[in-house]
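Data block below; observations after.
The values are calculated or read from the model by the stated rules, or taken from the named source; none is laboratory data. All of these numbers come straight from a predicted model, not from anything done at the bench. FYI the Cβ positions are ideal-geometry reconstructions off the backbone, even for glycines, and counts take in every protein chain you see.
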Amino acid sequence: MNKKERRKSNQVVRDMKDCFRSFYLPIYEGIGEKPAHLALISKICNDRVCASVIVTYDRPATYVTIYISFQIKASPDKLAEVWQLLNLLNGMMPLYQYAFSTCCNSLSLKADLLLPDKCLPVNKFKRLLHDLLEDSYLCVPLIESVIAGGDSEKLYKQFMDDHRDLTKKERSISKETERTILNEMETVLGWCTCVMDENRCDDGFTMRFHAPKGTNSFLILNVKLCSENDMVTLHLASSLTVPDEKLSQLTELAGRINAMSKFPHLHIDRERNRVSLYAGIMIDNGVLDQKEFDFAVRMIMASAEQYFPLIEEQLSTNEKPEAVINKAC
């Protein structure tokens with residue numbers, strides 16, 4: 001790493017530290033020296049949540065990953081309820097995801113943020129950190145209630161109203177800015193398909209693709225501008241239908257994959273019995289970062305190549321989800 005790159009790298013960490021201080025979060029670790037290294041460690045401890053806050057900074061990929069990690073104790077007979085609840089939560093979180101590691105009973109709320117020109121987008125980092133802290137405050141007690149014996153779907157429905165009230169944001173994008181963003185999205189999408197009039201709707205695009213090699217399905221990509229939340233969401237759904245008797249297995253498989261992966265995350269739609277990849281990009285002051293959007297589109301398509309064959313294999317076998325993943329590793 002030359003001096004100019006090192007200065008940029010150090011500035012990224014200094015900016016992250018400033019953001020942590022703005023939330024009164026203590027800082028325990030500084031910048032490391034390895035290519036993919038631990039950048040910062042902090043913690044939160046309040047009346048509802050005690051957790052570690054960890055930020056890793058992957059220099060070659062030029063993105064940061066924020067983890068809020070909790071230790072939970074889930075008995076084997078409760079794991080199915082945990083997978084189901086995390087799947088429900090991940091269906092409403094385009095910018096981040098919950099993941100549970102069974103080997104160490106570790107639950108993480110995690111999110112990735114691309115660094116344009118290897119600089120930290122401070123406003124986005126602050127917004128992401130703010131939302132992660134709020135979500136952890138709401139969701140961890142919910143998860144603990146499920147582990148203690150509560151019904152995941154019932155508790156989730158009760159939780160939804162509180163979540164909407166606490167995370168509701170006063171944001172708006174003008175119609176002119178919406179048109180500009182949609183045109184920019186269309187330009188980026190041109191690399192993967194020809195965008196026709198029939199692909200475009202008022203708030204985004206819907207496109208159909210061939211499924212990954214080795215699968216027997218097709219894919220639908222829905223890209224939506226959510227002006228009320230200052231973000232663009234990407235939703236890549238498989239045409240595969242998940243039978244009711246396979247829902248539990250597929251929910252666990254998605255949860256285990258999410259524990260190993262980063263951006264984007266898998267979600268099982270239990271109402272439509274479909275599998276999808278879900279991701280989101282923040283809009284900052286009415287501006288969509290086209291490089292970030294391009295990265296997101298490429299990542300969601302690459303993730304489909306990697307994960308959807310595993311989904312199809314799980315549908316065609318009686319093996320445990322853990323075994324399906326181990327064979328692919």
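Annotations
- Residue 251 out of contact with any Ser or Thr (no Cβ under 8 Å at 6 or more places or on another chain), within 20 Å of residue 181 (Cα to Cα) and either modelled with pLDDT of 90 or more or not assigned by TED's automatic domain parsing to the domain that holds residue 186 (or both): no
- Subset of the stretch 298-329 (residues that are under 15 Å from residue 276 (Cα atoms) and among the charged types (D, E, K, R)): 305, 312
- The stretch 100-132 - residue that is hydrophobic (A, V, I, L, M, F, W, C) and modelled with pLDDT under 90 and, of those, surrounded by the most Cβ atoms within 10 Å (Cβ to Cβ): 107
- Residue within the stretch 280-299 that is in a helix (DSSP H, G or I), in contact (Cβ under 8 Å) with a residue 12 or more places away in the chain, within 19 Å of residue 312 (Cα to Cα) and in contact with a Phe, Trp or Tyr (Cβ under 7 Å, 6 or more places away or on another chain) present: no
- Output for the stretch 67-99, where each listed residue is β-branched (Val, Ile, Thr) and within 18 Å of residue 254 (Cβ to Cβ): 82
- Residue count for the stretch 293-309, restricted to those that are over 15 Å from residue 266 (Cβ atoms) and either surrounded by 20 or more Cβ atoms within 10 Å (Cβ to Cβ) or not assigned by TED's automatic domain parsing to the domain that holds residue 190 (or both): 4.
- Which numbered condition residue 318 fails, given (1) farther than 23 Å from residue 220 by Cα; (2) at pLDDT 90 or above: (2)
- Any pair with Cβ under 8 angstrom, 6 or more apart, that starts in the stretch 1-18 at a residue that is closer than 17 Å to residue 56 by Cβ and among the hydroxyl-bearing types (Ser, Thr, Tyr) and ends at one that is modelled with pLDDT under 70 and surrounded by 16 or more Cβ atoms within 10 Å (Cβ to Cβ): 9/31; 9/59
- Residues being surrounded by fewer than 14 Cβ atoms within 10 Å (Cβ to Cβ) and modelled with pLDDT of 80 or more are represented in the stretch 48-66 by at least one member.
- Total residues in the stretch 262-292, condition surrounded by fewer than 21 Cβ atoms within 10 Å (Cβ to Cβ) and closer than 19 Å to residue 84 by Cβ: 6
- Boolean, residue 239 is within 22 Å of residue 98 (Cβ to Cβ) and either touching a His at 6+ places or on another chain (Cβ under 6 Å) or not charged (D, E, K, R) (or both): no
- Only listed residue being in a helix (DSSP H, G or I), in the same structural domain as residue 217 (by TED's automatic domain parsing) and among the acidic types (Asp, Glu), chosen from 312, 319: 312
- The number of residues in the stretch 175-212 that are part of a loop (DSSP other than H, G, I, E, B) and either outside the structural domain of residue 301 (by TED's automatic domain parsing) or at pLDDT 85 or above (or both) comes to 1.
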